Amino acid sequence: MLLDFFPSRTLTIYLARMFAVRIVAVLTMLVLVLMMLDLLGKTGDILAVPGNGDAEIWLYASLRVPQLIARFLPYSVLLATIITLAGLNQNSEVVSMKAAGLSAHQILAPLLLIGLVVAAISFAFNERVVTRATATLKAWEGVDYAAVPEDREARSNVYFNDGNDVLMAGTMTGQGAETVLTDVTYYERDDSGMITRQLTADRATFAAPGWQLDNASSFNVASASTEQLDSVVVAPGVEVSQVELRRVDPDAQGLAELSESIDALQAAGRRTGELEAKWWHKISGPLSAVLMPLLGAVAGFGLARSGHLFARAVLGMALGFAYFVVDNAALAMGSFGGYPPLLAAWAPFFLFLLVGETVLVRTEE
């Protein structure tokens, strides 16, 4: 039995199926167009690596498509809402449904239901597919599209402070005490911050404490002399726990894994506001699919023959895109402590939920 909030079973299935088909169609169009534009800029970089060919281009596409789907699914729901409701209005189907006694909320109920289903699918897709694809793609980009690292959690261009000294590495792979740094540069600095010695090596491993550089080259700034060293241990203050904390990438971690990373950072006394905002946004972000039918609903009501259908569609699109602008701005504010993490992730959602309800009630109910 359907609740009274929904129209008849036949009408509910009709509206839900129409809406779902349009979401898939709009999303497919957006992803294909954006993927082709992305490949125009990346194909040259991928093929510039000796040995890369069509297989690597397809690999890049397979890793990039999940990111595009995750990012533009809410936009697809918004555009599908406007297309669906504008079409129903143009064909006087909305007028017929309202003449049969349905309220604006009842007409939107099947769309909201599909939005909830899309939000659940989006959340699961982000957790199981997008995070893994993002981790692999970032590791691959870190080696400039050479062989894909076996360690999908590899990080590129990392650096660590050991008092005044700095330890830098091109890539970081491995876990715990098995962590390996490659393309390593170590700067010894005096109290004024001036570099006194520079050591470079192809590889460094954890020496408990410190990091052992094999076949290192040492350059002394004062004497301008270079010396080859078989082995040297540097950065005794850089612990494995500090290295592990640098692996935290909220876009490449699922909800549970990110929770563990946040707990580890808090235990180490590190600031976690940005990560906490991203944690909450992993929940509020997919729920934007539920909000889009409400924001785009203004396109489906009002008399089509009044000549304001296009203006209503533009207004619905403006409300939807305003949500994304405010959502990104709130996350940015939360990143540097301007907003509390919970407020940064959820305030735009509830703000535009009230805006959408207000517009709908004042104009239609």
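Each value in this text was obtained by applying a stated rule to the coordinates, not by laboratory testing. Owing to the predicted nature of the structure, the values given are computational and were not obtained by experimental measurement. Ideal geometry is used to build each Cβ from the backbone, glycine not excepted, and the neighbour counts take in all protein chains shown.
Quick notes on this one:
- Hydrophobic long helices, here whole DSSP H runs in the chain with Kyte-Doolittle means of at least 1.6 and Cα atoms spread over 20 Å or more along the helix axis, are found at 104-125.
- The helix-based estimate of mean residue ellipticity at 222 nm for the chain, built from -39,500 (n - 2.57) per DSSP H run of four or more residues and divided by its residue count, is -19500 deg cm²/dmol to the nearest 500.
- A straight chain from residue 124 to residue 29 at 0.36 nm per residue would run longer than the Cα-Cα distance by 32.0 nm.
- The label point for residue 194 and the one for residue 328, both projected 7 Å from the Cα toward the Cβ, are 4.5 nm apart.
- Between residue 351 and residue 116, residue separation times 0.36 nm minus the direct Cα-Cα distance comes to 82.8 nm.
- For the stretch 155-244, the direction-averaged projected area of the alpha-carbon convex hull comes to 5.3 nm².
- Under the simplified labelling scheme, the residue 45-residue 212 pair shows an inter-label distance of 3.6 nm, with each label point 7 Å from Cα along Cα→Cβ.
- Lysines whose Cα lies under 30 Å from that of residue 278, excluding same-chain neighbours fewer than 8 positions away: 42, 138
- Alpha carbon centroid spacing (whole Å) that separates the stretch 118-141 from the stretch 1-49: 17 Å
- Candidate values (i) 24.0; (ii) 21.2; (iii) 22.3, label of the one derived for Kirkwood radius over Cα pairs in Å: (i)
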